[in-house]
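The values are calculated or read from the model by the stated rules, or taken from the named source; none is laboratory data. Keep in mind that this is a model prediction, so the values were computed, not measured. Don't worry about glycine lacking a Cβ; one is built from the backbone with ideal geometry, like all the others, and counts go over all protein chains shown.
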Amino acid sequence: MNILILGAGGREHAFALKLSESKKIKQLFVAPGNAGTDEIAINVNINPTDFGAVKETVLKNDIKMVVVGPEAPLVNGIHDFFLADNDLKAIPVIGPKKDGALLEGSKDFSKQFMQKHGIPTARYQSFTKENLKDGFTFLETLTPPYVLKADGLAGGKGVLILNDLSEAKSELEEMVSNQKFGAASATVVIEEFLKGIELSVFVLTDGNSYKILPSAKDYKRIGEGDLGLNTGGMGAISPVPFADQAFLDKVEALVVKPTIAGLQKDGIDYRGFIFIGLMNDAGNPSVVEYNVRMGDPETEAVLPRIESDLYELFEGVGKQTLHEKSFSVTPKTATTVMLVAGGYPESYQKGKVITGFENCEDSIVFHAGTKIENDKVVSNGGRVMAVTSLGDSIEEALAKTYASIEKIKFEEMNYRKDIGFDLI
Ligand code: AMP
Ligand code: GLY
């Protein structure tokens with residue numbers, strides 16, 4: 001069985017590595033992949049949103065399953081594209097169709113979905129330039145900080161959290177009238193600020209049954225102490241100590257079950273991952289957002305803890321037999337630290353030669369933005385590598401990760417030295 005993974009980051013390297021352990025897999029393909037996936041799979045240099053090129057790759061290489069890493073192909077309808085094509089419709093796509101992908105592709109849709117199905121989330125209203133004045137009035141009813149969210153995909157930048165009412169009003173106007181985030185902010189969700197500590201829970205579903213994957217905490221800011229600009233994620237820890245079984249039971253009862261049931265009631269046949277961003281406020285969960293894919297770097301902490309065969313689970317998703325599949329997770333802690341290019345998340349350089357990553361026996365080094373140039377592995381993105389270790393405690397896993405990082409070198413390499421320390 002040949003499988004194609006779409007994407008190029010640490011998440012996709014983690015998928016490839018985990019799938020490569022399955023005996024049922026003959027050949028893995030990753031499009032476009034990176035220098036890490038090149039070692040265990042065949043990289044195909046196409047853009048995952050070029051569906052014609054994906055089709056050609058699938059047919060040429062006898063691919064029998066497609067695993068979608070990032071959200072863009074899902075929101076653009078890659079799963080629908082497969083179902084509508086006679087040559088492709090029998091090939092399972094791991095990832096929802098366009099209707100399900102709206103949970104991430106439209107904040108307004110996802111808020112309506114949660115409200116309709118009684119899933120705990122912040123109170124909200126949506127506005128466009130036609131009812132901007134009502135938006136100002138709604139902001140006046142809220143207490144700061146004010147949370148403004150571009151409805152559409154904005155590359156993780158579309159959420160503003162502001163302390164000042166007049167600033168919130170002018171930003172709202174910038175978003176809806178002056179397209180601050182392009183078409184994505186033609187509609188803006190304004191919602192109540194949620195208190196608490198953030199974490200993510202991941203679900204894999206075949207539309208009927210589901211498996212709750214390990215929880216994780218992401219570190220989003222570039223600077224230590226969670227300061228500075230937002231990034232795609234600088235590190236992750238799994239499991240999350242403050243998400244105890246009682247809390248996770250509440251998440252299952254109040255969020256996961258109503259989400260799966262809500263999708264069914266709304267006629268959305270959802271097959272893939274649901275990434276639930278949660279706030280834990282004194283033991284009570286509230287949904288901050290849904291994503292329709294796995295997180296990056298959360299995947300690099302979550303997948304190494306899964307003991308079950310990932311291919312078997314994906315087969316269950318495709319055939320809707322997920323309930324028959326066994327699922328087990330190691331109680332060990334996984335810690336992931338991202339190595340990034342100097343300057344990231346602002347401007348940075350690529351093409352820096354990376355050394356030492358082959359000598360990290362106590363860790364798994366996932367490639368993110370890397371490629372091969374003149375037989376050398378060089379940086380090819382802002383987030384360059386993710387270093388994951390497993391341990392009996394956070395301390396033990398972190399010690400391994402940071403010891404491995406000492407061995408890895410590239411010019412202007414940067415990383416956070418405080419990942420996980422808030423949880424010890
Ligand atoms: P989102 O893209 O919706 O996940 O928002 C990005 C980040 O903004 C989240 O990860 C939270 O840290 C923060 N955030 C979003 N919505 C809220 C809210 N209602 N209350 C507090 N923080 C929020
Ligand atoms: N690390 C956050 C995300 O993947 O959206």
Quick one: is Ala31 part of a strand (DSSP E or B) and either free of Cβ contacts under 8 Å to residues at least 60 places away in the same chain or basic (Lys, Arg) (or both)?
yes
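Sort out which residues of the range 168-184 are in contact with a strand residue (DSSP E or B) (Cβ under 7 Å, 6 or more places away or on another chain), over 15 Å from Gly152 (Cβ atoms) and not small (Gly, Ala, Ser), and write them in order of number. So that I can check it myself, show each step before the final result.
Looking only at the range 168-184, we keep the residues that are in contact with a strand residue (DSSP E or B) (Cβ under 7 Å, 6 or more places away or on another chain), and these are 168, 171-172, 175-176, 181, 184.
Still in the running and over 15 Å from Gly152 (Cβ atoms): 168, 171-172.
Across the range 168-184, the qualifying residues are Glu171, Leu172.
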From the options Glu406, Glu411, residue that is farther than 16 Å from Ala301 by Cα and in a loop (DSSP other than H, G, I, E, B):
Glu411
So for the range 63-75 (the condition being without any contact (Cβ under 8 Å) to a residue 24 or more places away in the chain and over 17 Å from the mean Cα position of the chain (by Cα)), does at least one residue qualify?
no
So Lys350 fits all but one of (1) in a loop (DSSP other than H, G, I, E, B); (2) touching a residue at least 60 places away in the same chain (Cβ under 8 Å); (3) among the basic types (Lys, Arg); what number is the exception?
(2)
Which condition number does Ser308 fail, the rest of (1) away from ligand 2 (no atom under 16 Å from the Cβ); (2) within 17 Å of Thr205 (Cβ to Cβ); (3) in contact (Cβ under 8 Å) with a residue 24 or more places away in the chain being met?
(3)
Name the residues in the range 200-246 that are within 12 Å of ligand 2 (Cβ to nearest atom), of a type outside the set (Lys, Arg) and either touching a Ser or Thr at 6+ places or on another chain (Cβ under 6 Å) or without any contact (Cβ under 8 Å) to a residue 24 or more places away in the chain (or both), would you?
Ala216, Gly235, Ala236
Can you tell me which residue in the range 156-179 is modelled with the highest pLDDT, limited to those that are within 23 Å of Gly233 (Cα to Cα) and either within 16 Å of ligand 2 (Cβ to nearest atom) or not in a strand (DSSP E or B) (or both)?
Val159
Which residues, taken from the range 132-155, are within 16 Å of ligand 2 (Cβ to nearest atom) and either part of a helix (DSSP H, G or I) or surrounded by fewer than 12 Cβ atoms within 10 Å (Cβ to Cβ) (or both)?
Gly155
Considering the range 131-174 alone, what residues qualify as being touching a Leu at 6+ places or on another chain (Cβ under 8 Å), more than 14 Å from ligand 1 (Cβ to nearest atom) and not acidic (Asp, Glu)?
Leu132, Gly135, Phe136, Leu165, Lys169, Leu172
Among the numbered criteria (1) closer than 30 Å to Ile260 by Cβ; (2) in contact with a Leu (Cβ under 9 Å, 6 or more places away or on another chain), which single criterion is violated by Ser126?
(2)
Report the residue count in the range 328-347 for those that are in contact with a helix residue (DSSP H, G or I) (Cβ under 9 Å, 6 or more places away or on another chain), surrounded by 16 or more Cβ atoms within 10 Å (Cβ to Cβ) and part of a loop (DSSP other than H, G, I, E, B).
1
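Yes/no matrix, rows are residues, columns are (1) away from ligand 2 (no atom under 16 Å from the Cβ); (2) part of a helix (DSSP H, G or I):
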{"residue": "Thr49", "(1), (2)": "yes, no"}
{"residue": "Asp80", "(1), (2)": "yes, yes"}
{"residue": "Ile91", "(1), (2)": "yes, no"}
{"residue": "Ser110", "(1), (2)": "no, yes"}
Kindly evaluate Ala184 against the criterion of being more than 21 Å from the chain's Cα centre (by Cα) and either away from ligand 1 (no atom under 12 Å from the Cβ) or part of a helix (DSSP H, G or I) (or both).
no
So the strands (runs of 3 or more DSSP E) completely within the range 223-327 holding 1 or more residues that are surrounded by fewer than 18 Cβ atoms within 10 Å (Cβ to Cβ) are 227-230, 272-281, 284-291
Within the range 175-221, which residues are out of contact with any helix residue (DSSP H, G or I) (no Cβ under 8 Å at 6 or more places or on another chain), of a type outside the set (S, T, N, Q) and surrounded by fewer than 22 Cβ atoms within 10 Å (Cβ to Cβ)?
Gly182, Ala183, Glu192, Phe193, Leu194, Lys195, Gly196, Ile197, Glu198, Lys220, Arg221
